[in-house]
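**Q** Sharing a structure below in structure tokens format, with a few things to ask.
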Amino acid sequence: MQKPYKQRSIGDHELSPETLMMGYAYSPSLSEGSLKPPVFHTSTFVFQSAEEGKAFFELAYGLREKEEAEEIGLIYSRINNPNLEVLEDRLAVWDKAEQSLVFSSGMAAISTSLWAYLRPGDVLIHSEPVYGGSEYLVHNILPDFGIHRCCFNAEEGVAGMDVAAEQARKYISENGGRVGAIFVETPANPTNGLVDLSHARMISDSFEKDGHRPPVMVDNTFLGPLFQTPLEHGADLSITSLTKYVGGHSDLIAGSCSGSAEKIAPVQVMRTILGTMADPQTGWMLMRSLETLKLRMEASTEGAKKVAAFLRDHDKVDAVWFLDDLPGDHSDRVIFERQCKSAGSTFSFEVKGGEAEAFRVLNALKIIKLAVSLGGTETLASHPAAMTHSDVPPAERDRLGIKDSLIRISVGVENPADLIADLAQALESI
């Protein structure tokens, strides 16, 4: 029987995610009438009986299937915690998933998910560019564990994906193994290149063998969970750095992974063993932030549209990589209109010149902060080539479009007229 505090509709009326963020998966009756869930600062939970403890552990370690309407009971905060459980239920609403997991960082979510599915001898198909931490993981760490990678530039579209898939087939035919997973980031950081998720799923289906189909994992940080729901387009796991828009206040570090119960199960076991879950305080703060997620993301996106329009017409700007500005004949336009609900508020632009000119602009900013994160209430700007993607070899950066003249900006909720004034005076420095 569905618990009353987990109802998502009133009669035939389906409740919106922003409404459910105010109370879904929690009842004040569970905590002395407290309107908001208290912070459960505890490591350990008491069993009512030895039989109950046994049953909880059987589910936690996948020793048996759940009975109808059965839930894993509370055991130990490395496995589950009330704050995280409520938060995960709410994140699953936004991601349109059966289940979500919360991690100590976005990279913890990505690495735990990959470790759950990759084995020595496997091939990883992945897109480029990706976030700098992900870049280092797939280029420098996974190969040490016997993982071979076949990559494609997001700008190459489905043709590039097909080439990477054929490279994977060739490698497997010569060396054995399988495709363990397909990992993509869309929109890509920092170029906003798009990956066709339905095509990625088609490639995944083509590699299904002996009951294994490589999961399609999507880093959904730039648009998720409000403006893109990868699971609706064939992805198996939607991964988000909650540090960014969901946290939204530049005061916490966390990540999430959402998907079907079947696809999440190995990730959940791996999280338990690696201990990469978030802490209760962070879970509580994220629940606070979810209540204003829609308001913040919509406000920052409206501001980004105005900032991008200003930059597009400026004579000292060479190019603006804002998704709303994609030409009608661009291959990404079709993907954008099918897959994305908005352009979001993080994008990049190129100034005329190179690193020196970009640095002069960044150093002249007065309101906009020079920092590498994104998705906060404040507007941030950074230089990807010298900062987040500095470990990528220069030739690779050039191939991926991460030029020395490129500046990434994440528009916050300030008055966009003030941001435009700041950018205008900064651009005068070149």
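The values are calculated or read from the model by the stated rules, or taken from the named source; none is laboratory data. Since this is a predicted model, take the numbers as computed values, not measurements. Positions of Cβ are backbone-derived with ideal geometry, glycine not excepted, and every protein chain shown enters the neighbour counts.
**Q** Hey, could you check segment 87-105 for residues that are among the hydrophobic types (A, V, I, L, M, F, W, C) and surrounded by fewer than 24 Cβ atoms within 10 Å (Cβ to Cβ) and say which is nearest to Lys263 (Cα to Cα)?
**A** Step one: list which residues in segment 87-105 are among the hydrophobic types (A, V, I, L, M, F, W, C), which gives 87, 91-94, 97, 101-103.
Subset that is surrounded by fewer than 24 Cβ atoms within 10 Å (Cβ to Cβ): 92-93.
Working: Ala92: 14, Val93: 17 Å.
Among them, the one singled out is Ala92.
**Q** If Asp324 satisfies every condition in (1) at negative phi; (2) not assigned by TED's automatic domain parsing to the domain that holds Ser382 but one, which is the exception?
**A** Looking at each condition in turn, Asp324 falls short on (2).
**Q** Could you identify the single residue in Asp196, Asp219 that is touching a helix residue (DSSP H, G or I) at 6+ places or on another chain (Cβ under 7 Å), buried (at least 24 other Cβ atoms within 10 Å of the Cβ), not assigned by TED's automatic domain parsing to the domain that holds Ser300 and not polar (S, T, N, Q)?
**A** Asp219
**Q** Examine segment 68-79 for a residue that is polar (S, T, N, Q) and in the same structural domain as Asp236 (by TED's automatic domain parsing), and state whether such a residue exists.
**A** We begin by selecting, within segment 68-79, every residue polar (S, T, N, Q); these are 77.
Applying the additional criterion that residues be in the same structural domain as Asp236 (by TED's automatic domain parsing) yields none.
The answer is no, given that none of the residues of segment 68-79 is polar (S, T, N, Q) and in the same structural domain as Asp236 (by TED's automatic domain parsing).
**Q** May I ask you to list the residues in segment 337-356 that are surrounded by fewer than 19 Cβ atoms within 10 Å (Cβ to Cβ) and closer than 24 Å to Ser405 by Cβ? Please lay out each step first, then the result.
**A** Taking segment 337-356 as the starting set, the residues that turn out to be surrounded by fewer than 19 Cβ atoms within 10 Å (Cβ to Cβ) are 337-338, 341-342, 352-356.
The answer is Lys352, Gly353, Gly354, Glu355, Ala356.
**Q** Taking Arg408 as the residue in question, decide whether it is outside the structural domain of Gly193 (by TED's automatic domain parsing), touching a His at 6+ places or on another chain (Cβ under 9 Å) and modelled with pLDDT under 95. Before the answer, list the steps.
**A** Working: outside the structural domain of Gly193 (by TED's automatic domain parsing): yes; touching a His at 6+ places or on another chain (Cβ under 9 Å): yes; modelled with pLDDT under 95: no.
For Arg408, the condition - outside the structural domain of Gly193 (by TED's automatic domain parsing), touching a His at 6+ places or on another chain (Cβ under 9 Å) and modelled with pLDDT under 95 - is not met.
Results for (1) in contact (Cβ under 8 Å) with a residue 40 or more places away in the chain; (2) under 23 Å from Gln268 (Cβ atoms); (3) not aromatic (Phe, Trp, Tyr), shown as yes or no for each residue.
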site: Asp12; (1), (2), (3): no, no, yes
site: Tyr24; (1), (2), (3): yes, yes, no
site: Ser27; (1), (2), (3): no, no, yes
site: Gly33; (1), (2), (3): no, no, yes
site: Val39; (1), (2), (3): yes, yes, yes
site: Phe45; (1), (2), (3): no, yes, no
site: Gln48; (1), (2), (3): no, no, yes
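**Q** Okay, moving on. Tell me which of these Gly211 doesn't satisfy, since it passes every other one: (1) surrounded by fewer than 24 Cβ atoms within 10 Å (Cβ to Cβ); (2) at pLDDT 95 or above; (3) not hydrophobic (A, V, I, L, M, F, W, C).
**A** (2)
**Q** Any idea which of (1) in the same structural domain as Met107 (by TED's automatic domain parsing); (2) of a type in the set (A, V, I, L, M, F, W, C); (3) surrounded by fewer than 22 Cβ atoms within 10 Å (Cβ to Cβ); (4) closer than 19 Å to Pro187 by Cα is the one Met270 doesn't satisfy?
**A** Just one mismatch for Met270, condition (4).
**Q** Would you mention how many residues in segment 269-291 are assigned to a helix (DSSP H, G or I) and either over 25 Å from Gly248 (Cα atoms) or among the small types (Gly, Ala, Ser) (or both)? Walk me through it before giving the result.
**A** We begin by selecting, within segment 269-291, every residue assigned to a helix (DSSP H, G or I); these are 269-274, 280-290.
Those still in the list that are either over 25 Å from Gly248 (Cα atoms) or among the small types (Gly, Ala, Ser) (or both) too: 269-270, 272-274, 283, 289.
Residues in segment 269-291 being assigned to a helix (DSSP H, G or I) and either over 25 Å from Gly248 (Cα atoms) or among the small types (Gly, Ala, Ser) (or both): 7 in total.
**Q** Looking at Ile402, Ile368, can you tell me which residue is in the same structural domain as Leu311 (by TED's automatic domain parsing), among the hydrophobic types (A, V, I, L, M, F, W, C) and under 16 Å from Ala308 (Cα atoms)? Walk me through it before giving the result.
**A** Details: Ile402 fails: under 16 Å from Ala308 (Cα atoms).
Being in the same structural domain as Leu311 (by TED's automatic domain parsing), among the hydrophobic types (A, V, I, L, M, F, W, C) and under 16 Å from Ala308 (Cα atoms) holds for just one of Ile402, Ile368, which is Ile368.
**Q** All but one of (1) surrounded by fewer than 23 Cβ atoms within 10 Å (Cβ to Cβ); (2) more than 25 Å from Asp324 (Cα to Cα) hold for Leu237; state the number of the condition that does not hold.
**A** (1)
**Q** Residues in segment 154-176: is at least one touching an Asp or Glu at 6+ places or on another chain (Cβ under 9 Å) and assigned to a loop (DSSP other than H, G, I, E, B)?
**A** Checking segment 154-176: not a single residue is touching an Asp or Glu at 6+ places or on another chain (Cβ under 9 Å) and assigned to a loop (DSSP other than H, G, I, E, B).
**Q** While we're here: Looking at segment 94-109 only, could you name the residues that are touching a helix residue (DSSP H, G or I) at 6+ places or on another chain (Cβ under 7 Å) and either under 18 Å from Gly283 (Cα atoms) or not assigned by TED's automatic domain parsing to the domain that holds Thr243 (or both)? Steps first, please.
**A** If we filter segment 94-109 for residues that are touching a helix residue (DSSP H, G or I) at 6+ places or on another chain (Cβ under 7 Å), which is where we start, we get 94-103, 107.
Listed by number, the residues that qualify are Trp94, Asp95, Gln99, Ser100, Leu101, Val102, Phe103, Met107.
**Q** Next question. Using the structure shown, decide if Asn140 is part of a helix (DSSP H, G or I), over 19 Å from Asn220 (Cα atoms) and touching a helix residue (DSSP H, G or I) at 6+ places or on another chain (Cβ under 9 Å). Break it down into steps so the answer makes sense when it comes.
**A** Working: part of a helix (DSSP H, G or I): yes; over 19 Å from Asn220 (Cα atoms): yes; touching a helix residue (DSSP H, G or I) at 6+ places or on another chain (Cβ under 9 Å): no.
Criteria not met by Asn140.
**Q** Is one or more of the residues making up segment 124-133 surrounded by fewer than 21 Cβ atoms within 10 Å (Cβ to Cβ) and more than 22 Å from Gly344 (Cβ to Cβ)?
**A** So in segment 124-133, the residues surrounded by fewer than 21 Cβ atoms within 10 Å (Cβ to Cβ) come out as 132-133.
Still in the running and more than 22 Å from Gly344 (Cβ to Cβ): none.
No.
**Q** Tell me the residue from Leu87, Leu20 that is closer than 27 Å to Asn220 by Cα and assigned by TED's automatic domain parsing to the domain that holds Val267, please. Break it down into steps so the answer makes sense when it comes.
**A** Numbers: Leu20 fails: assigned by TED's automatic domain parsing to the domain that holds Val267.
Criteria check complete, one pass: Leu87.
**Q** Next question, about the same structure. All but one of (1) in contact with an Asp or Glu (Cβ under 9 Å, 6 or more places away or on another chain); (2) in contact (Cβ under 8 Å) with a residue 60 or more places away in the chain; (3) more than 20 Å from Ile253 (Cβ to Cβ) hold for Gly376; which doesn't?
**A** With respect to (1) in contact with an Asp or Glu (Cβ under 9 Å, 6 or more places away or on another chain); (2) in contact (Cβ under 8 Å) with a residue 60 or more places away in the chain; (3) more than 20 Å from Ile253 (Cβ to Cβ), Gly376 is out only on (3).
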